[in-house]
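Please treat every number below as a calculation from the coordinates, not as lab data. Just so we're clear, the structure is a prediction, and the values are computed from it rather than from any experiment. Backbone-built Cβ (ideal geometry, glycine too); neighbour counts: all protein chains shown.
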Ligand SMILES: Nc1ncnc2c1ncn2[C@@H]1O[C@H](COP(=O)(O)OP(=O)(O)O)[C@@H](O)[C@H]1O
Ligand SMILES: [Mg+2]
């Protein structure tokens, strides 16, 4: 078990012993566990994880990321790489790193949302960022957080705690990257977000971790009239798993979960999402597009639960997939559980291959086979990609999708 | 002096085990309009698709040459670059790809093949405005996804709009008239006629003689069971209109 092997200097302080206790009582998940039915963890379990804090990324330009505005916070192997970061004070934002904070970190352990990996994270935290946006501040600058693994076999536990106070808004971009030839590293990340009344949060996540592991447990608590939009772009990873739990705890909320995942050669990308509608008069939209290539495996399990009394909910969930060849596979399981009677909900899933007649049509107009396929892929992901309103970022994602 | 544009020799093809074309011969010179008529299922769409290079069909016999070059094995895109155009009987919907982007990519791919620079945005847009006017394509359709949610008639207009943009040497119009009301038919035919020149040729595939009142053919051919069984001038179309196909196909079991 991972925890037995850890010789670890982590940031465990305060109450986190509780999470360690809980972790010890939680079995390492297996495929018998419904939540892990389609994603093997055997390899992850066997790895001799070490705790490495060296830096090897020389400059940010070697990462080929899109143009960034705002703060750039770089974590490499779970430590702040200050040379690559760009800090400045932003009006209305309180930002701190747990490693340099004098206060004890008191993670809120909510046993209902915890799982083995979220507990592993809070028990052996490498670094955490905490951001509080003050009431009424609509932050124009982005917060870019780049989380890199650059050392083989390293286990990295990072987290972002974020509170958006009433009437505030912010746009966060997270990048999870494996550097160069790094293999068998593991970035285990927790996002804990609270979006208060009338606040709006946009989260773009970009994940590109060829030959490495990455699990992200995202917990989002929404209060009345708030807005949460999450766009997840998962390019590669030996195992990339997103667990999103979006609790909607107020009326008039808007929740949106979008994603593009493109597993190829030995990749396994798994998106698990749950949206809990506890209050009436809310809308949620979920749209994931998978493009599986070579022996890439994709998993989509999206669950929308409309609880009793949550009337007048509109919830739409869609997962469309393309398999580019015979070895590729997808497990798609959209789920709706409805305990209220006056709701408008739909869900669906499609999986197909490229339509030969469409390819012929494009070629007959002068597009090469390669261009025709590219255009079909662009068309396929277009409605999701347009959710990111920044054209630099859109071009960046398009380029990376087509590269795969 | 007539200049040969396309020559089809003894063309046979099949899909799976089913033989569809069973020996088609046809010569089209520059400046000519040929009509191909024939009953449903006789192989008209297959012939046009094979001409455009659809490799779902296996060519088992014969050859196609275009501007003196054997193109039997040539890719669809290269045929397109060299001046072949097929207006599809059932234009394909491509969700998420804008009509305009698609056409721009198409033109630039051709430019790339000929070693030319990409077309400047300004020239491209000017051309779009001019050519869409020619076929009366609704302005809003230009930026919509290719054919997605278009009515039958809009799809057909869009095909002719694409044809106008690509300015081909050989245009094959596969049942472009079906789904068009009489006014739309006139507009589309008018567009086709405006694009006609001594340098290009048109093959019009149709069920009905109606379209041929507007796009007047020099030759009319009847395709039946994968073979051209009769050729004539425009009067053949009128005769077919009156008598049907049975007197030619020998099918009396109607
Ligand atoms: N992709 C295909 N798969 C199977 N059969 C086909 C296919 N395309 C055409 N055919 C068959 O070939 C014959 C000719 O079809 P088609 O060329 O569409 O005729 P037309 O256009 O003259 O109506 C028909 O019997 C049709 O069923
Ligand atoms: Mg046909």
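In peptide A:375-382, what is the residue-averaged number of other protein chain Cβ atoms found within 10 Å of each Cβ?
Taking all residues of A:375-382 together, the mean is 5.
Rounded to the nearest 10 degrees, what's the angle between the helix B:121-135 long axis and the longest principal axis of chain B, both from Cα atoms, 0 to 90?
40
Among A:232, A:26, A:183, whose mean-square fluctuation peaks in a Gaussian network model of chain A (Cα, cutoff 10 Å)?
Ranking A:232, A:26, A:183 by mean-square fluctuation puts A:26 first.
In terms of the Cα gyration tensor, with a ≥ b ≥ c the square roots of its eigenvalues, is the range A:16-249 rounded because a/c is under 1.5, prolate because a/b exceeds b/c, or oblate?
Note, shape of the range A:16-249 comes out oblate.
What FRET efficiency comes out for residue A:351 versus residue B:249 if R0 is 45 angstrom and r is the Cβ-Cβ distance? Round to the nearest 0.05.
Efficiency, rounded to the nearest 0.05: 0.55.
Place the peptides A:112-122, A:319-329 in order of packing, highest mean first, counting for every residue the other Cβ atoms within 10 Å and averaging per peptide.
Highest-to-lowest ranking by the protection proxy: A:112-122, A:319-329.
Have a look at the DSSP beta bridges in the protein assembly as shown and tell me what percent are antiparallel, nearest 5.
Around 20 percent antiparallel, to the nearest 5.
Shape of the range A:356-404 from its Cα gyration tensor (a ≥ b ≥ c, root eigenvalues): rounded if a/c is under 1.5, otherwise prolate when a/b > b/c, or oblate?
prolate
Counting DSSP beta bridges with both partners in chain B, what percentage is antiparallel, nearest 5?
Percent antiparallel among DSSP bridges in chain B is about 60.
Other chains near B:110-118: what is the mean number of their Cβ atoms within 10 Å of each residue's Cβ?
Whole-number average of other-chain Cβ neighbours for B:110-118 is 1.
Which value in deg cm²/dmol, rounded to the nearest 500, describes the helix-derived mean residue ellipticity at 222 nm for the protein assembly as shown, given -39,500 (n - 2.57) per DSSP H run of n ≥ 4 and division by the residue count?
For the protein assembly as shown, the value works out to -7000 deg cm²/dmol.
Quick one: check the C-alpha center-to-center distance for the range B:10-65 versus the range B:193-221, whole angstrom.
Answer, in whole Å: 18.
Grab the Cα-Cα distance for residue B:208 and residue B:15, subtract it from 0.36 nm times how many residues apart they are, and report the gain in nm with one decimal.
66.8 nm
Evaluate the distance, in nm, between pseudo-label points positioned 7 Å from the Cα of residue B:196 and of residue A:403 along their respective Cα→Cβ axes.
Result for the modelled spin labels: 5.3 nm.
Could you compute the FRET efficiency for residue A:94 and residue B:121, with r as their C-beta to C-beta distance and R0 at 45 Å, rounded to 0.05?
0.45
Order these by the 10 Å Cβ neighbour count, fewest first: A:253, A:345.
Listing A:253, A:345 from fewest to most nearby Cβ atoms yields A:345, A:253.
Over all residues in B:93-104, what is the mean tally of Cβ atoms on other chains that come within 10 Å of each residue's Cβ?
5
Rounded, prolate or oblate: pick one for chain A, where a ≥ b ≥ c are the square roots of the eigenvalues of its C-alpha gyration tensor, a/c under 1.5 means rounded, and failing that, prolate if a/b is larger than b/c, else oblate.
Because its axes are fairly even, with a/c under 1.5, chain A counts as rounded.
Report the FRET efficiency, 1/(1 + (r/R0)^6), for residue A:344 and residue B:114, where r is their Cβ-Cβ distance and R0 is 41 Å, rounded to 0.05.
Plugging the Cβ-Cβ distance into 1/(1 + (r/R0)^6) gives 0.15.
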